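Only one structure is covered here, and it is reproduced in the block below.
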Amino acid sequence: MIHNYQLIASFCMLLQLNRRKNNMAFNTIEFTLNEGAATLTLNRPKSLNSFTAEMHAEIRQVMQQVIDDPGIRCLVITGAGRGFCAGQDLGDRAMTSDGGVPDVGASVEKNYNPLIRSIMELPKPVICAVNGVAAGAGASIALACDIVLAGRSASFIQIFCKIGLIPDSGGTWNLPRAVGLARARGLALLGDKLPAEKAEAWGLIWKCVDDEALQEEAQKMALHLATQPTTALGRIKKLLQESGTNTLPEQLELERQAMQDLGQSHDYREGVAAFHEKRPPVFKGE
């Protein structure tokens, strides 16, 4: 009987740990898990979810969990309230004690560059659900994601030129690759607002949807991707990113290597078996 009580107590403790893990408490973000799909919500709605040092630290913690946990097979990034992200909270970059300006480059190196790398190098699909404005680093972070959905009232603004800076967080790399050099120059040099419908027409984002359908659409897509062959999706991400700087022979060789590796996987065997047996595949993400 005592042994049974110990088992029950251990089981309850495990449930509590899992519950805390799946609903971690933060000050500037929210993080939830649902059937292999994780959602990271920027949660400073009064300041349009602009970035602070605390927010960066909390996001680093979450991203490490997403990287380490094989049970997480897709990530959604979105914002709370009426905007996705207004970029850096300029009030959080205090002046130095002698009245000088802060080292913006150091902030980029410490916070934004690691974030962009963690998103783009994550071997799992990342969906961005853009609700409202995505400005400055907010726009750049959206562009770093694999699939971008935007509400119809959303917009993208390369606001950097308005304060004497350049598009950071991978903006000068991802923007011209998404819309071409001419449009990238116009957006970056003028700082004009690009509405979501036009962003879709230009190929900047995957799809523009009605505002009230945005989160449902993002979650539906995330739950689908969480059941797909995750390792193969990660290799697709990597190959597409590398294609811009590789020669054709180099890219063909990388494709050969990927096919050789993936051809030995459980998910490939399962996909072929399901095709022949005319049934839905059950991928393990391996």
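FYI, it's all coordinate maths here, none of it is from the lab. Please read all numbers here as calculations on a predicted model, not as lab measurements. So basically every Cβ, Gly included, is an ideal-geometry build from the backbone, and we count neighbours across all protein chains shown.
Quick rundown of the values:
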quantity	calculated
Dipole axis of segment 134-260 (+1 Lys, Arg; -1 Asp, Glu on Cβ), positive-most option in LEU194, LEU143, GLY171	GLY171
Cα-centred dipole magnitude for the chain, charges only on beta-carbon of K, R (+1) and D, E (-1), debye, nearest 20	260 debye
Helical mean residue ellipticity (222 nm; -39500 (n - 2.57) per DSSP H run of 4+; nearest 500) of the chain	-14000 deg cm²/dmol
Centre separation in Å (Cα based) which lies between segment 140-157 and segment 104-121	18 Å
Whether the chain is rounded, prolate or oblate, judged on the alpha carbon gyration tensor where a/c under 1.5 counts as rounded	oblate
Within straight-line cross-link reach of LYS220, lysines at Cα separation under 29 Å, skipping those fewer than 8 residues along the same chain	LYS21, LYS46, LYS124, LYS193, LYS198, LYS207, LYS237, LYS238, LYS278, LYS284
GNM result for the chain, Cα springs below 10 Å: residue of ALA134, ALA226, ALA53 fluctuating most strongly	ALA53
Exposure proxy order (Cβ contacts within 10 Å, fewest to most) of ARG82, ARG183	ARG82, ARG183
Net length gained if the chain between THR172 and GLN61 were fully extended (0.36 nm per residue, minus Cα distance)	37.3 nm
